[in-house]
Amino acid sequence: MLNSPTLSDFISQKGYLPALQSILLDIAKVSVQVQKTLLDAPLGGMLGGNAHVNVQGEDQQKLDAYADELFVQGLLQNTFLAGIGSEERDDLIQGSAQGEYIAFFDPLDGSSNIDVNGSLGTIFSVMPRTQTGTLHNEELLQKGENQVLAGYVLYGAATWLVCSFGKGVHTFVLHTQTDTYHLLHEALQSPKSGKIYSINEGNILDCETPVQDYVKNCQERRYTARYAGALVGDFHRNLLKGGIYLYPATEKSPKGKLRLLYEAFPLAYIAREAGATASNGTMPILDITATALHERTPLFIGSVEMMRDLGAHCAF
């Protein structure tokens, strides 16, 4: 493992744009800080809420706010970034006026798992600017297809960084003694099909009938249900083993619950580059044009053959 290239060496050898290399290395650096914080969180008084409700209307956890601050402060010094959009912030944060890119984050995905030591992750996306000078909200109005870098970090028994510059998906694992990420998979390809489905079945009766029918079909085929309560954890498992993740619209959340810019867009980008696919139930996720920083969407994402079967039930 330690004979494999470091993240820095690998992306340099691949010749990706220096600006994007710089942004990814800063993301990786901050993720190491987050990983260390998570290891000591129960003993460091970092569990539980901070008595604040974020812009999503959700009770903010101490670690949500801490991870957000680490990423914002760690990336604001990067002169290639004109701004940052975070799940935990109401508005875009201004960066360098000379920056050519905008970064979007879910700093700590899976907040409900924090106090029980469950799956947690970070999701990120980078898009080019469409204007110059001061960053404006209109620059958010882009398709997911416009992303130039996307990925996620999964904090677990090992810490993985999974990313794509649009030319394949690469995975790296953190060596904790040196705080460096090392290449594990180059140009990872996801299985075309699988036998895992991931959905919160507690909400199944609130889903549209075609979604209920598809889940019933999965049960009849004796597929395995896996749902961790963290998008990153479920997506990562299905990406490697073959499977499908479903977070449809419900009566309670008719527009869906997951965020388009910093959850659905980056994971759909990773999925496409690994040979999988993603939809909102009507159209491909990457074809959607964002309308707001915290816009929500239904999300169906996974192996192409399972997505095809889902489409037969849901007509997309």
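Quick notes on this one:
- In the set (1) in contact (Cβ under 8 Å) with a residue 24 or more places away in the chain; (2) assigned to a helix (DSSP H, G or I); (3) surrounded by fewer than 22 Cβ atoms within 10 Å (Cβ to Cβ), the condition left unmet by Leu188 is number (2).
- Residue match in the stretch 65-87 (condition: of a type in the set (Phe, Trp, Tyr) and at pLDDT below 95): yes
- The residues of the stretch 104-147 that are free of Cβ contacts under 8 Å to residues at least 24 places away in the same chain and either among the aliphatic types (A, V, I, L, M) or not assigned by TED's automatic domain parsing to the domain that holds Leu17 (or both) amount to a single one, Val116.
- Applying the criterion of being of a type in the set (S, T, N, Q) and in contact with a helix residue (DSSP H, G or I) (Cβ under 8 Å, 6 or more places away or on another chain) to the residues of the stretch 152-175, the residue that is nearest to Ile270 (Cα to Cα) is Ser164.
- Subset of the stretch 270-289 (residues that are of a type in the set (S, T, N, Q) and in a strand (DSSP E or B)): Thr277, Ser279, Thr289
- Every residue from the stretch 293-316 that is among the basic types (Lys, Arg) and farther than 21 Å from Pro254 by Cβ: Arg308
- Failed criterion for Tyr223 (all others in (1) farther than 22 Å from Pro284 by Cα; (2) within 14 Å of the chain's Cα centre (by Cα); (3) aromatic (Phe, Trp, Tyr) hold): (2)
- Inspection of the stretch 228-237 finds a residue satisfying the criterion of being among the small types (Gly, Ala, Ser), in a loop (DSSP other than H, G, I, E, B), in contact with an Asp or Glu (Cβ under 8 Å, 6 or more places away or on another chain) and within 19 Å of Ala157 (Cα to Cα).
The values are calculated or read from the model by the stated rules, or taken from the named source; none is laboratory data. Because the structure is predicted, anything quoted here is derived from the model rather than measured. No Cβ is skipped: glycine too gets one built from the backbone with ideal geometry, and neighbour counts run over all protein chains shown.
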